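**Q** One structure follows; several queries about it will come next.
The values are calculated or read from the model by the stated rules, or taken from the named source; none is laboratory data. Computed from a predicted model, the values in this text were never measured in an experiment. For neighbour counting, all protein chains shown are included, and Cβ atoms are generated from backbone atoms with ideal geometry for every residue, glycine included.
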Amino acid sequence: MPATDRRISIKAIIALLFYLIIPLTAIFIIIATYPELSKERFVTMVYWFVPLAIILVLISQASIRYPKGHNMTFFLDITYVVFTVLWLFAFIGGGLSITQSWGEYEFTLHLWKYVVVILFVAVFNMIYYTLEWKTYRKEINQAS
């Protein structure tokens, strides 16, 4: 039973915007503005996060087909969180540090603190979706 009659969900549009369009635009602007930066690193990022972004958009669209409290909604929400963490990991380069050369200079950014924050938010989201599923599941069972 569909939760809404919309063809494209707002969540899917937001996912398309924030996980695909804005990051791709930012990468193309960075590559065009700073030609001395290594393009291989950015191309590798695009190869990883574009498929993950497409999966996130598809999950977002599929989630409107089921009401809150449905098992499939819970599964899609948890899957969304997992793929978001994978997307972020791909976007930061797949490691805990980024080393970049700029002309004759080389610099390294250590990202472990950001990864800890990302994982904390992911765990918080999973707890939220679990509690939401249990709450709405009780309402569905009481209505039956």
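**Q** Within segment 75-102, restricting attention to residues that are hydroxyl-bearing (Ser, Thr, Tyr) and loosely packed, with under 15 Cβ neighbours inside 10 Å, which residue is nearest to PHE120 (Cα to Cα)?
**A** Step one: of segment 75-102, the residues hydroxyl-bearing (Ser, Thr, Tyr) are 79-80, 84, 97, 99, 101.
Filter once more, so that each one left must be loosely packed, with under 15 Cβ neighbours inside 10 Å: 97, 99, 101.
On the way: SER97: 19, THR99: 25, SER101: 31 Å.
Among them, the one singled out is SER97.
**Q** Could you look through segment 102-133, keep only residues that are charged (D, E, K, R) and within 24 Å of the chain's Cα centre (by Cα), and pick out the one that is farthest from THR84 (Cα to Cα)? Break it down into steps so the answer makes sense when it comes.
**A** Initial filter on segment 102-133 (charged (D, E, K, R)): 104, 106, 113, 132.
Pick out the ones that are also within 24 Å of the chain's Cα centre (by Cα) and you get 113, 132.
Details: LYS113: 17, GLU132: 19 Å.
This residue is GLU132.
**Q** Sticking with this structure for a sec: Scan segment 96-126 for residues that are of a type outside the set (Asp, Glu), closer than 21 Å to LEU37 by Cβ and without any contact (Cβ under 8 Å) to a residue 12 or more places away in the chain and report the count. Break it down into steps so the answer makes sense when it comes.
**A** Residues of segment 96-126 that are of a type outside the set (Asp, Glu), as a first pass: 96-103, 105, 107-126.
Remaining after also requiring closer than 21 Å to LEU37 by Cβ: 96-103, 105, 107-111, 114.
Filter once more, so that each one left must be without any contact (Cβ under 8 Å) to a residue 12 or more places away in the chain: 99, 105, 107-108.
The total comes to 4.
**Q** Considering segment 8-30 alone, what residues qualify as being without any contact (Cβ under 8 Å) to a residue 24 or more places away in the chain and out of contact with any helix residue (DSSP H, G or I) (no Cβ under 6 Å at 6 or more places or on another chain)?
**A** First pass over segment 8-30, keeping only residues without any contact (Cβ under 8 Å) to a residue 24 or more places away in the chain: 10, 13, 17-18, 21-22, 25-30.
Answer for segment 8-30, where residues must be without any contact (Cβ under 8 Å) to a residue 24 or more places away in the chain and out of contact with any helix residue (DSSP H, G or I) (no Cβ under 6 Å at 6 or more places or on another chain): ILE10, ILE13, LEU17, PHE18, ILE21, ILE22, THR25, ALA26, PHE28, ILE29, ILE30.
**Q** Moving on to the next point. Output the residue which, of all residues in segment 127-144 that are among the polar types (S, T, N, Q) and touching a residue at least 24 places away in the same chain (Cβ under 8 Å), is farthest from ASN71 (Cα to Cα). Please lay out each step first, then the result.
**A** Looking only at segment 127-144, we keep the residues that are among the polar types (S, T, N, Q), and these are 130, 135, 141-142, 144.
So of that shortlist, the ones also touching a residue at least 24 places away in the same chain (Cβ under 8 Å) come out as 130, 135.
Working: THR130: 10, THR135: 12 Å.
The selected residue is THR135.
**Q** While we're on this one: When the residues of segment 134-144 are filtered to those that are within 21 Å of VAL81 (Cβ to Cβ) and basic (Lys, Arg), which remaining residue is surrounded by the fewest Cβ atoms within 10 Å (Cβ to Cβ)?
**A** Pass one, segment 134-144, residues within 21 Å of VAL81 (Cβ to Cβ): 134-137.
With basic (Lys, Arg) added as a condition, the list becomes 134, 137.
Numbers: LYS134: 11, ARG137: 16.
Here the residue is LYS134.
**Q** For segment 75-101, give me the residue count where each residue is of a type in the set (Gly, Ala, Ser) and under 12 Å from the mean Cα position of the chain (by Cα). Break it down into steps so the answer makes sense when it comes.
**A** Quick first cut of segment 75-101, residues of a type in the set (Gly, Ala, Ser) only: 90, 93-95, 97, 101.
Next, from what is left, pick out any that are under 12 Å from the mean Cα position of the chain (by Cα): 90.
Number of matching residues: 1.
**Q** Kindly provide the set of residues from segment 68-99 that are at pLDDT 80 or above and either outside any helix (DSSP H, G or I) or over 15 Å from ILE118 (Cβ atoms) (or both), ordered by number.
**A** Residues satisfying the conditions are LYS68, GLY69, HIS70, ASN71, MET72, THR73, PHE74, PHE75, LEU76, ASP77, ILE78, THR79.
**Q** If ASN141 satisfies all but one of (1) at pLDDT 80 or above; (2) part of a helix (DSSP H, G or I), what's the number of the condition it fails?
**A** Exception for ASN141: condition (1).
**Q** I'm told MET72 meets every condition in (1) within 24 Å of VAL123 (Cβ to Cβ); (2) touching a residue at least 24 places away in the same chain (Cβ under 8 Å); (3) more than 13 Å from the chain's Cα centre (by Cα) except one. Can you identify the failing condition by its number?
**A** (2)
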